[in-house]
Amino acid sequence: MPVLLVGANPIVVLKDDAHATTAIASVWVCEWSTHGTGTALVLWSGGRVRLLGADPVLARWLERDFTRHFPEVDGLAWPEPMVEEVPVKVDLDLDSLHARAGDIEVRASGVLDRRTFGTGSFDLGGSPHALSLVLAPTAQGSISVAGSPLPGQVVADSTAQRPTSSAFLTAAEVWSAG
């Protein structure tokens, strides 16, 4: 299977008290891909999608071929994104995330677990892809726009044998065509 992308894609999903999604930030760090290297940020909030990155071609590919097909966005209206050609600064390791792009800031911390994940059948718009990564669900996460926090909170379960969260860090992420 040909490799499409090597990098990381931490995600923060905020939910309201009824566990409905209020905002999603998908942060991309492409160490190598078939569409180049760089960083991008996809933000869904209030029924709008903002796509930020210094390389709009790379950012559009990540949004169209990956993020819009993720389980985290399933069932959400996904309009054509507003593209903003701005740098995305990402500080990421398996302890925390701090990403900034334009007027958006994304943070995640409080790692609950670190584990490997792999599948040969991750569905991206009807096409199975292989994915392997190191996953670190986090207890905290936030998304702010123009200095104001977006509504909602991270939903986490630290008591499970395999802790889960609506926010997670990744590393050593490899996507391959199916």
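Once you reduce the stretch 3-69 and the stretch 116-170 to the center of their Cα atoms, the two points are 12 Å from each other.
Let me make sure I get this right: for the stretch 27-160, a, b and c are the square roots of the gyration tensor eigenvalues over alpha carbons, sorted descending. Under 1.5 in a/c it's rounded, otherwise prolate if a/b > b/c, else oblate. Which is it? Cα axes put the stretch 27-160 in the rounded bin. Note on the stretch 89-130: Cα-only Rg and Dmax are 14.8, 37 Å. Taking the Cα centre of the stretch 84-178 as reference, the dipole from Cβ charges on Lys and Arg (+1) and Asp and Glu (-1) amounts to some 260 debye.
Within the listed set GLU80, GLU63, GLU72, the Gaussian network model of the chain (springs between alpha-carbon atoms below 10 Å) gives the highest mean-square fluctuation for GLU80. Per residue, the accessible area of the chain comes to 45 Å², computed with a 1.4 Å probe over protein heavy atoms only.
Solvent exposure of ARG68, expressed as accessible area, is near 80 Å², computed with a probe of 1.4 Å over the protein chains only. Along the charge dipole of the stretch 79-127, pointing to its positive end and built from +1/-1 on Cβ of Lys, Arg, Asp and Glu, which listed residue (THR119, VAL83, LEU97) has its Cα farthest out? Most positive-ward Cα: THR119.
Shape analysis of the stretch 11-56 places it in the prolate category; the axes a ≥ b ≥ c from the Cα gyration tensor give an a/c of at least 1.5, with a/b above b/c.
This model, with +1 at the C-beta of Lys and Arg and -1 at the C-beta of Asp and Glu, gives the chain a dipole about its Cα centre of some 100 debye.
Rounded to two decimals, what is Rg over Rh for the stretch 1-86 when you use alpha-carbon atoms and the Kirkwood radius? Mind dumping the intermediate values first?
Numbers: Rg = 12.9 Å, Rh = 13.2 Å.
Ratio of gyration radius to Kirkwood radius: 0.98.
Take THR159, THR164, THR170 and sort them by solvent-accessible surface of the protein heavy atoms, 1.4 Å probe, largest at the top. Mind dumping the intermediate values first?
Details: THR159 125, THR164 70, THR170 5 Å².
The ordering from most to least exposed comes out as THR159, THR164, THR170.
Among the protein heavy atoms of the stretch 58-178, carbon and sulfur supply 50% of the accessible surface, probe 1.4 Å, non-protein parts ignored. For the stretch 121-178, the Kirkwood radius over C-alpha pairs fed into Stokes-Einstein at 37 °C and 0.692 mPa s yields D = 239 µm² per second. When the chain is treated as a GNM with alpha-carbon contacts under 10 Å, the residue of LEU133, LEU124, LEU92 showing the greatest mean-square fluctuation is LEU124.
The values are calculated or read from the model by the stated rules, or taken from the named source; none is laboratory data. Here the structure is a predicted model, which is why all the values come from computation and not from measurement. Here the Cβ is made from the backbone with ideal geometry for all residues, glycine too, and neighbour counts use every protein chain on show. We work out accessible area using only protein heavy atoms, side chains counted, and drop any ligands, DNA or RNA first. Shrake-Rupley method; radii C 1.70, N 1.55, O 1.52, S 1.80 Å.
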